[in-house]
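Novice: The structure is given below, and queries will be raised subsequently.
The values are calculated or read from the model by the stated rules, or taken from the named source; none is laboratory data. Note that the structure is a prediction, hence the values are computed from the model and not measured. Ligands, DNA and RNA are excluded from the accessible area calculation, which covers all protein heavy atoms including side chains. Shrake-Rupley method; radii C 1.70, N 1.55, O 1.52, S 1.80 Å.
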Amino acid sequence: MENQTWLQMQQALRDIDFPADKHAIFSHVIEYTSDGDVLKLARTLPPEVYRNMSEVRSSVRLDPSVEEGTTVTQKAAQARSHNKKVASYLREVPNTELS
């Protein structure tokens, strides 16, 4: 998931009362937005009781390459790398700019 999706979910939860369980969080997100990516992100939360927004954030799965600023082209090049013993987002980021 992209950081923008997390930001939208965070905005949707700005006035939720904690502690809140997954069902309460998902219901709150549905009231705020119908964006499919945000709803998908809320659905992926583990069934826990969250005490604050920080706990929600730590349970959300985001693509690490998005946080690092890796482009789509660079991610594709990483995936094509022959080093299959390392997760693709941990592989060296190739220079994809045309000279």
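Novice: Please list H28, H23 from largest to smallest accessible area, probe radius 1.4 Å, with all protein chains kept in place.
Specialist: On the way: H28 40, H23 130 Å².
The ordering from most to least exposed comes out as H23, H28.
Novice: Heavy atoms only, 1.4 Å probe, whole protein assembly: order I16, I30, I25 by accessible area, highest first.
Specialist: Values: I16 25, I30 90, I25 0 Å².
Ranked list, largest accessible area first: I30, I16, I25.
Novice: Give me the number: length gained by fully extending S27 to L7, i.e. 0.36 nm times residue separation minus the C-alpha to C-alpha distance, one decimal in nm.
Specialist: Values: separation 20, 0.36 × 20 = 7.20 nm, distance 1.73 nm.
Using 0.36 nm per residue and subtracting the Cα-Cα distance, I get 5.5 nm.
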